[in-house]
Amino acid sequence: MFKFIVHTDGGARGNPGPAAAGVVISAKGGPASGGEGSAGWRKEFGEYLGEVTNNEAEYRAVVLALKKLKHLIGGEKAKKSRIEIHVDSELLERQLNGEYKIKDENIKNLFMEIWNLKTDFSEIIFKHIPREENTEADRIVNQILNKETTKLGF
């Protein structure tokens, strides 16, 4: 079994407003990083999302993470992988774990996209973490938003 820790964050300046997604994917040694005794690896990704809500940005960060991870490791390895996705949005975590209902139509569509992407992996766990434990994904979001909002004149 291959194991990965993924941190995701999404944010919008305004709600809705200019938004971005940030993702940090880590494999720490062992088979997930390419072989026993390997030092592991870490990859960072970010994406400008245009004008969306904070919640939509959080969901789109998870979509980005799952697509990037599958691309990085390939379909065969993905089927044998356990993914722990750490998010600082309690709402997102509870909705993805089936504890809260989803009312917003855009979020329902993103939920379904994540649900379909989950089938590419052996196991995915969504875990809520405090915001201070998600600083790297948050840093990526803010770097992208600073760059894009400067271009847009905000």
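Within the stretch 36-51, residues that are at pLDDT below 95 have Cβ atoms under 7 Å from residues that are part of a strand (DSSP E or B) and polar (S, T, N, Q) in these pairs: 40/26, counting only partners at least 6 apart in sequence or on another chain.
Candidates are the residues of the stretch 56-100 that are hydroxyl-bearing (Ser, Thr, Tyr) and open to solvent by less than 20 Å² (accessible area, probe 1.4 Å); the one that is farthest from residue 136 (Cα to Cα) is 81. Inside the stretch 111-145, residues that are within 26 Å of residue 1 (Cα to Cα) and basic (Lys, Arg) make up a count of 2. Restricted to the stretch 34-145, the set of strands (runs of 3 or more DSSP E) holding at least 1 residues that are closer than 19 Å to residue 14 by Cα comprises 41-52. Pairs meeting the criteria (first residue in the stretch 1-20 and over 20 Å from residue 132 (Cβ atoms) and of a type in the set (Phe, Trp, Tyr), second residue open to solvent by 60 Å² or more (accessible area, probe 1.4 Å) and part of a loop (DSSP other than H, G, I, E, B), beta carbons under 6 Å, at least 6 apart or on different chains) are 2/80.
Listed conditions (1) without any contact (Cβ under 8 Å) to a residue 12 or more places away in the chain; (2) open to solvent by less than 50 Å² (accessible area, probe 1.4 Å) are all met by residue 103, apart from (2). For residue 152, the criteria (1) of a type in the set (A, V, I, L, M); (2) open to solvent by 70 Å² or more (accessible area, probe 1.4 Å); (3) without any contact (Cβ under 8 Å) to a residue 24 or more places away in the chain hold in every case but one, which is (3).
The values are calculated or read from the model by the stated rules, or taken from the named source; none is laboratory data. All values derive from a computational prediction rather than experimental measurement. Cβ sites come from the backbone with ideal geometry, for glycine too, and all protein chains shown count toward neighbours. The protein model used for the area step is the full one, side chains on, heavy atoms only, and it has no ligands, DNA or RNA in it. Shrake-Rupley method; radii C 1.70, N 1.55, O 1.52, S 1.80 Å.
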